[in-house]
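Below you'll find the structure, written out as structure tokens, and then a few comments.
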Amino acid sequence: MSSRDPNDFDTPFCGDLRSKKYFMLATIPSQAADLLDGSGHCWCHHTQQPIGPDGLHVLPDQCVPGRVCYRSALASLT
């Protein structure tokens, strides 16, 4: 959870949000259906758990700009 660069553009979902479908995407996910399969299971790349670094559940409708641990998918990984 580093400070955000004001030049980063927000993406619809946190850049650390992962799911099985994520690994089949050719672009940044723009809607929940891009990430969710029948299981609805997602996890945080940072914590490797279905709970984010802020202690809240990891779901597309919750991992959005404004969440304390949100990181734009376009942000630098450094």
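Remarks
- Residues (more than 21 Å from K20 (Cβ to Cβ) and either part of a loop (DSSP other than H, G, I, E, B) or modelled with pLDDT of 95 or more (or both)) located in region 57-78: P65, G66, R67, V68, C69, Y70, L74, A75, S76, L77, T78
- Within region 16-56, tally of residues that are of a type in the set (G, A, S), out of contact with any strand residue (DSSP E or B) (no Cβ under 9 Å at 6 or more places or on another chain) and not in a helix (DSSP H, G or I): 6
- Note on region 5-41: residues that are over 14 Å from A75 (Cβ atoms) and in contact with a Cys (Cβ under 8 Å, 6 or more places away or on another chain) amount to 4.
- Applying the condition of being in contact with a Phe, Trp or Tyr (Cβ under 7 Å, 6 or more places away or on another chain) and free of Cβ contacts under 8 Å to residues at least 40 places away in the same chain to region 30-62 and asking which residue is surrounded by the most Cβ atoms within 10 Å (Cβ to Cβ) yields L35.
The values are calculated or read from the model by the stated rules, or taken from the named source; none is laboratory data. Here the structure is a predicted model, which means the values were calculated and not measured. Here the Cβ is made from the backbone with ideal geometry for all residues, glycine too, and neighbour counts use every protein chain on show.
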